[in-house]
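Engineer: Pasting in a structure now, in structure tokens, and then I'll have a few things to ask.
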Amino acid sequence: MGSLVSSFFQNIRFYRSLRFRIFLIVLLIGTIPAVIMRFIMVRGYENRALSQKVSEVTNQSAIVAAHLARTDYFSDTSDPVINDELTQMSNLYDGRILVINDDFLIIKDTYGKSQGRYIVSAEVISCMNGSRNMWVTDDENRYLEITVPILDETTGAVYGALVASASTDSIHDNVEVLGRRARIVEAVIAVIVLVIAYALSMTLLKPFDKVIRAVDSVKEGFDPGTESIEVLDYTETKDIMDAFHHLMSRMKEVDDSREEFVANVSHELKTPLASMKVLSDSLIQGGDSVDAATYREFMLDIAEEVDRENKIINNLMSLVKLDGNETAKMNLEPKSLSEMLKQLIKTLTPLAEKSRVELLYEEKTDVTANIDETKLSLAIMNLIENAIKYNKEDGWVRVTLDSDLQFAVITVSDSGMGIPEESINRIYDRFYRVDKSHSREIGGTGLGLSITRNAILLHRGAIKAASIVGEGTTFTVKIPIAAGEAV
Ligand code: ADP
């Protein structure tokens with residue numbers, strides 16, 4: 001039972017295959033015309049042969065009928081010339097001739113059987129009434145019957161009718177022979193087409209087998225390089241393979257960037273650990289000779305490194321939470337951005353004061369937008385923190401809020417060191433820092449802007465940076481006011 005079911009499904013697979021379809025199409029295209037040809041030829045011959053016979057017998061009958069009309073045959077049927085003529089004609093057509101007078105009485109039958117009987121057939125009646133040249137065929141008994149009137153040549157009066165039947169045996173025999181031959185030709189064509197259809201279905205689809213083998217080999221772990229598995233036989237197979245290579249290189253890119261990320265993460269996490277190791281090792285090696293003040297200083301450094309490690313881990317956690325639109329769950333609510341920004345300014349003022357940077361807030365109009373407050377706060381906070389961190393002494397940071405019809409526009413400008421042009425597109429990359437040592441010195445992890453960008457993209461917003469080295473930087477953030485509805 002199981003094998004039956006599985007063989008059924010295998011068969012379905014076969015019937016659905018392009019190979020089977022090509023085979024079937026070629027087979028049908030090859031054989032159907034042959035069948036139609038046979039039909040047309042045999043029918044054509046039959047019709048032509050029959051109409052030839054009809055006209056031949058009709059002509060002959062008309063001649064005999066005219067002859068009859070000129071003689072006195074209706075009163076005396078013993079005229080040997082006429083009788084001879086009738087017998088000859090019936091022999092010629094392997095048939096029978098009846099002569100009927102205007103009382104529907106058969107006055108002559110070349111078979112001699114029906115003489116003296118009456119005949120009332122539809123053809124004879126309509127013939128007496130003036131119709132010409134009636135004919136019917138009887139396929140079963142294989143004959144055709146022609147009824148012609150016997151007319152007075154001058155007055156046109158109807159004396160009677162002549163019914164001539166002729167055998168159609170020879171036509172039927174010919175049709176049979178012709179049909180048989182056509183069927184043989186048809187069978188030969190069918191065999192040839194079958195072979196061609198099979199060969200075509202096998203060869204035409206070979207390149208697709210190559211494609212499948214190539215894809216399979218990659219599935220099994222074979223790394224094909226880039227060009228080694230081209231299938232150039234058809235445009236289509238080339239396109240499939242191109243698309244496949246494209247997909248592979250995309251996957252490789254994703255893989256590479258993941259690897260790079262993991263490498264970066266380990267490197268970043270190791271740096272504080274290495275510092276701690278150096279600090280603690282030197283304390284251990286110093287032994288008793290190390291005084292309390294040095295101990296204290298080193299322990300403070302170690303605590304700082306622990307803080308940094310903690311910060312990197314926290315940032316990584318935020319990044320993972322914000323990464324990828326599917327995984328990040330958005331908690332959208334209508335919120336006043338003015339309130340949110342004021343709160344951020346309040347939180348960050350101590351940091352600004354510590355760095356001797358003036359923190360300003362300007363608001364053209366308050367905007368209520370559909371936002372995830374935690375995520376957007378974090379994003380803007382990173383921007384303001386950076387503006388303070390990468391500033392100069394007695395510098396300023398200005399945060400503004402404005403809106404156009406669809407977007408809330410937040411800018412964070414500073415009077416800081418600026419970002420070189422070649423770095424401006426890379427600052428959102430994870431762990432990217434313009435000046436590594438400086439950034440680390442002031443506690444940067446290189447993750448802040450990637451977190452910011454991800455959070456803004458989750459709001460379907462946009463972020464742009466403009467900067468002049470030595471003068472300052474402006475980050476412009478646009479958030480759709482109805483972000484929640486747009487999703
Ligand atoms: P970090 O934790 O190092 O600050 P970010 O991702 O927040 O990492 O920023 C990436 C880099 O972009 C920073 O290291 C810094 O070099 C540069 N940067 C960011 N904001 C500013 C700014 N306001 N002024 C100058 N440089 C900046």
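The values are calculated or read from the model by the stated rules, or taken from the named source; none is laboratory data. Quantities reported herein were computed from a predicted structural model and do not represent experimental measurements. Using ideal geometry, Cβ is built from the backbone for each residue, glycine included, and neighbour counts are taken over all protein chains shown. Ligands, DNA and RNA are excluded from the accessible area calculation, which covers all protein heavy atoms including side chains. Shrake-Rupley method; radii C 1.70, N 1.55, O 1.52, S 1.80 Å.
Engineer: Name every residue in the stretch 102-130 that is open to solvent by less than 40 Å² (accessible area, probe 1.4 Å), of a type in the set (A, V, I, L, M, F, W, C) and part of a loop (DSSP other than H, G, I, E, B), in order of residue number.
Structural biologist: Ile119
Engineer: Among residues belonging to the stretch 453-487 that are at positive phi and either within 9 Å of the ligand (Cβ to nearest atom) or in contact with a strand residue (DSSP E or B) (Cβ under 6 Å, 6 or more places away or on another chain) (or both), point out the one that is least open to solvent (accessible area, probe 1.4 Å).
Structural biologist: Gly472
Engineer: Next question, about the same structure. Report yes if Val399 is under 21 Å from Ala352 (Cα atoms), open to solvent by less than 10 Å² (accessible area, probe 1.4 Å), in a strand (DSSP E or B) and more than 10 Å from the ligand (Cβ to nearest atom), otherwise no.
Structural biologist: Criteria met by Val399.
Engineer: Any idea which residue in the stretch 312-350 is surrounded by the fewest Cβ atoms within 10 Å (Cβ to Cβ), counting only those that are of a type in the set (Lys, Arg) and modelled with pLDDT under 90?
Structural biologist: From the stretch 312-350, those of a type in the set (Lys, Arg) are 321, 329, 335, 342, 346; that's our starting set.
Within this subset, residues satisfying the condition of being modelled with pLDDT under 90 are 321, 329.
On the way: Lys321: 16, Lys329: 9.
Result: Lys329.
Engineer: Among the listed residues Ile12, Ile22, identify the single one that is loosely packed, with under 14 Cβ neighbours inside 10 Å and either assigned by TED's automatic domain parsing to the domain that holds Met134 or closer than 29 Å to Val193 by Cβ (or both).
Structural biologist: Testing whether each residue is loosely packed, with under 14 Cβ neighbours inside 10 Å and either assigned by TED's automatic domain parsing to the domain that holds Met134 or closer than 29 Å to Val193 by Cβ (or both) leaves just Ile12.
Engineer: If you don't mind, another one. Picking from Asn386, Asn370, Asn391, which residue would you name as being of a type in the set (S, T, N, Q), within 23 Å of Leu322 (Cα to Cα), crowded, with 16+ Cβ neighbours inside 10 Å and within 16 Å of the ligand (Cβ to nearest atom)?
Structural biologist: Selected residue: Asn386, the only one of Asn386, Asn370, Asn391 that is of a type in the set (S, T, N, Q), within 23 Å of Leu322 (Cα to Cα), crowded, with 16+ Cβ neighbours inside 10 Å and within 16 Å of the ligand (Cβ to nearest atom).
Engineer: Continuing with the same structure: Any idea which of Glu353, Glu363, Glu268, Glu304 is open to solvent by 30 Å² or more (accessible area, probe 1.4 Å) and under 55 Å from the mean Cα position of the chain (by Cα)?
Structural biologist: Only one candidate passes the filter, namely Glu363.
Engineer: Just to be sure I understand, how many residues within the stretch 416-452 are without any contact (Cβ under 8 Å) to a residue 60 or more places away in the chain, part of a helix (DSSP H, G or I) and either of a type in the set (D, E, K, R) or more than 8 Å from the ligand (Cβ to nearest atom) (or both)?
Structural biologist: Going through the stretch 416-452, the residues without any contact (Cβ under 8 Å) to a residue 60 or more places away in the chain turn out to be 416-429, 432-439, 441-442, 444.
In the following step, the residues that additionally are part of a helix (DSSP H, G or I) were identified as 421-423, 436-439, 441.
Checking the rest, the ones that are also either of a type in the set (D, E, K, R) or more than 8 Å from the ligand (Cβ to nearest atom) (or both) come to 421-422, 436-437, 441.
The number of residues fulfilling the criteria is 5.
Engineer: Could you give every pair whose Cβ atoms fall below 8 Å, whose first residue belongs to the stretch 63-85 and is over 17 Å from Ala161 (Cβ atoms), and whose second residue is basic (Lys, Arg) and open to solvent by less than 70 Å² (accessible area, probe 1.4 Å), counting only separations of at least 6 or pairs across chains?
Structural biologist: Hits for this filter: Asn83/Lys108.
Engineer: Could you say which residue among Ala62, Ala69 is in contact with a strand residue (DSSP E or B) (Cβ under 6 Å, 6 or more places away or on another chain), at pLDDT below 90 and buried (at least 17 other Cβ atoms within 10 Å of the Cβ)? Even if it seems obvious, please write down each step before you answer.
Structural biologist: Values: Ala62 fails: at pLDDT below 90.
Going through Ala62, Ala69 in turn, the sole match is Ala69.
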